[in-house]
2 protein chains.
Amino acid sequence: MPTQTFFNLSEEKQKRLIAGAMKEFSSKSLNDASISNIVKNSKISRGSFYQYFEDKKDLYFYLIGKFRYNYRQLMFKSFKEESGDFYEGYKHFGEKYIKYIMESEKFGFFENMYMHMNYQINQEARVDVNHTSQQKLPEGKRIIDVIDRSQLKMETEKEVIDILRYILSMLNDTIMEGFWKELSVNETQKLFVKRLNWITYGVKNNKEEEEESR
Amino acid sequence: MPTQTFFNLSEEKQKRLIAGAMKEFSSKSLNDASISNIVKNSKISRGSFYQYFEDKKDLYFYLIGKFRYNYRQLMFKSFKEESGDFYEGYKHFGEKYIKYIMESEKFGFFENMYMHMNYQINQEARVDVNHTSQQKLPEGKRIIDVIDRSQLKMETEKEVIDILRYILSMLNDTIMEGFWKELSVNETQKLFVKRLNWITYGVKNNKEEEEESR
DNA sequence: CTTGATTTATGACAAGTTGTCACATATAAT
DNA sequence: ATTATATGTGACAACTTGTCATAAATCAAG
């Protein structure tokens, strides 16, 4: 987290620093980026930097938090439009989300983020479907409340949250794969939907309906 | 890949270098590890290092390849013992694999590897179920040949390979999560099996059999 | 407005990193 | 014995990072 000092800064100076950092992180990974370049870009002295941020990571995770898609809203919208249907809701959400990330003006930043994504970055980039870190949300405002749970095998709320989280991890993994393999938006969306299909309906066939092996 | 020069070295010297590198990588991530420390550990001059390896990454991926579990064999064994059953075979395999990684004498190395795993490391650490990089394997020697495909919805061989690959990614992701959350071997195995279950049988319930919402 | 307290800004610096290169020393081949 | 060829070496330039003494700006209050 940036220090209070950073937030006390004039808007102009904050923006200058963020722009300078985004420039660096748009062409370099967290590890390859250098504070030296960022302070040069931003015309800020090295000493000042360390008064705002603990280190490079601190700044990086602040930027991820700042620019990541606010997808709480999108998830809500998606599931409501699809009447709470698990598969259709997530399909709707995932496709929109992938499109946002891969067509963003911050493409370079996201590309580098996903190309070097590890567990920690994944956690920072991802929404918490249960919002454990924040205060308890009122009934009906949680994502879980807008999903038709009767469709799912899961009995307890905890289990439902587990599966929701897993799909979000899978979504991030799929986007990562999309960047690595230089897939198009459409190809990445298809890959996500294919996997969502597997998880929703299973990969094993129902024994009774098919028995014609040739 | 190490240079020929490295392989020409006396076994003693190779081992010394590998040991020195493993020492460093057992307590540090790829990024935090330093060549300076490795050459100091190994009593090898800095100049020599660069005659054996292109850079730190080159050495690291060589070590991953060298010490990763040879799980081709384990996969074969697992699926054969479970009569080619998709779920039971993967369960068998995954549980053994997790146990191997998390109880290995190279725990520190694997821990750091998984704690900082990204797409590239994942690819290096993982077996290729199709062995595209190697020469074509004879019929019956490929992993896909020992799986009962009639159980699966997938029609084409390519689709089957896709799902096999996805499970392997999921397995690595689960181990990564296990390290981050400091789960026990048993907890990590359970997490894997739960997810395997989801993917095998789906998370949506069969509409006909349950309709008692209270 | 002046004085003193608090906050913010600065860049030189030590201590570390990487990759290279001219040169030294083995080892092999004729 | 004399060339080739292969291997070994550490000083070096060019970068990092985080700190710290010091300077400047801002605020508070008599």
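Bear in mind that the values in this text are calculations on the coordinates, not laboratory data. On a predicted model such as this, the values are computed, not experimentally measured, just so you know. All Cβ positions, even for glycine, are placed from backbone atoms using ideal geometry, and neighbour counts span all protein chains on display.
List the distances, in nm to one decimal, from the label point of residue B:157 to the label points of the same position in every other copy, shortest first, placing each label point 7 Å from Cα along the Cα-to-Cβ direction.
5.0
Can you tell me the relative contact order of chain B? Whole percent, Cα pairs under 8 Å, sequence separation 6 or more.
After rounding, I find 21 percent.
Name the most mobile residue of B:94, B:140, B:84, meaning the one with the largest mean-square fluctuation, in a Gaussian network model of chain B with Cα contacts below 10 Å.
Evaluated over chain B, the most mobile residue of the options is B:140.
With respect to the axis carrying B onto A, what is the closest chain B residue by Cβ position, and how many angstrom separate it from the axis?
Smallest Cβ distance to the axis, with its residue: B:202, 2.
Please state the shape class of the protein assembly as shown: rounded when a/c is under 1.5, otherwise prolate if a/b exceeds b/c and oblate if not, all from the C-alpha gyration tensor.
Oblate.
Residue separation times 0.36 nm, minus the C-alpha to C-alpha distance between residue A:104 and residue A:151: what's the value?
In short, 13.5 nm is gained.
Please state, as a whole number in µm²/s, the translational diffusion coefficient that the Stokes-Einstein equation yields for region A:1-61 at 10 °C and 1.306 mPa s, with Rh defined as the Kirkwood radius across alpha carbon pairs.
For the chosen part, D equals 140 µm²/s.
So, with +1 on the Cβ of K and R and -1 on the Cβ of D and E, and no other charges, what is the size of the charge dipole of region A:1-54 about its Cα centre, to the nearest 20 debye?
Magnitude of the dipole: close to 200 debye.
Can you bin region B:64-213 into rounded, prolate or oblate? Criterion: square roots of the alpha carbon gyration tensor eigenvalues sorted a ≥ b ≥ c, rounded for a/c under 1.5, prolate for a/b above b/c, oblate for the rest.
Oblate.
In the structure shown, do any of B:66/B:99; A:57/A:181; A:190/B:158 have a Cα-Cα gap over 21 Å, and if so which?
Going by Cα-Cα distance, A:57/A:181 fall outside the 21 Å limit.
Assume the label is 7 Å from Cα along Cα to beta carbon: what separations in nm does residue B:81 have to the matching positions in the other copies?
4.9
Given the -39500 (n - 2.57) contribution per DSSP H run of 4+ residues, what per-residue ellipticity at 222 nm results for chain A, rounded to the nearest 500 deg cm²/dmol?
Taking each H run of at least 4 residues, the total per residue is -19500 deg cm²/dmol.
If the elastic network links every pair of Cα atoms under 10 Å, which of A:168, A:74, A:152 fluctuates the most in the Gaussian network model of chain A?
Answer for the Gaussian network model of chain A: A:152.
Whose amide H sits under 5 Å from the amide H of residue A:202, counting only residues 5 or more places off or on another chain, with H placed in the peptide plane?
Residues meeting the criterion, in which the H sits 1.01 Å from N, are B:202, B:203.
Using amide H atoms built 1.01 Å from N in the peptide plane, name the residues 5+ places from residue A:152, or on other chains, whose amide H lies under 5 Å from its own.
For residue A:152, whose amide H was placed from the backbone, the distant partners under 5 Å are B:205.
Determine which aspartates and glutamates satisfy two conditions relative to residue A:56: a Cα distance under 16 Å, and not lying fewer than 8 residues away in the same chain.
Hits, sequence-local ones excluded: A:24, A:32, A:124, B:32.
Let me know the mean shielding of A:114-123 by other chains, meaning the per-residue number of their Cβ atoms within 10 Å of its Cβ.
Averaged over the peptide's residues, the number is 5.
Treat each spin label as a single point 7 Å out from the Cα along the C-beta direction, and report the residue A:7 to residue B:57 distance in nm.
3.8
What is the Cα centroid distance between region A:51-102 and region B:147-176, reported in whole angstrom?
Result: 27 Å between the Cα centres.
Here are some pairs, A:204/B:194; B:106/B:141; A:194/B:194; B:23/B:106; which of them have Cα atoms lying more than 18 Å apart in this structure?
Violating the 18 Å Cα-Cα cut-off are B:106/B:141; A:194/B:194.
Taking the label point 7 Å from Cα in the Cβ direction, how far apart in nm is residue B:201 from each other copy of itself, listed shortest first?
Label-point distances to the other copies, shortest first: 1.9 nm.
Pick out, in residue order, every one of the GluC sites (Glu not before Pro) in region B:32-88 that is DSSP loop and has at most 11 other C-beta atoms within 10 Å; say none if there are none.
B:54
Through the Karplus equation 6.51 cos²θ - 1.76 cosθ + 1.60, θ set to phi - 60°, convert the phi angles of region B:140-154 into ³J(HN,Hα) values in whole Hz; use x for Gly and Pro.
x, 9, 8, 4, 4, 6, 9, 9, 6, 6, 5, 6, 9, 5, 5
From the backbone phi of region A:177-182, what are the Karplus-calculated ³J(HN,Hα) couplings (6.51 cos²θ - 1.76 cosθ + 1.60, θ = phi - 60°) in whole Hz, Gly and Pro given as x?
Working through the residues one at a time gives 4, x, 5, 5, 8, 6 Hz.
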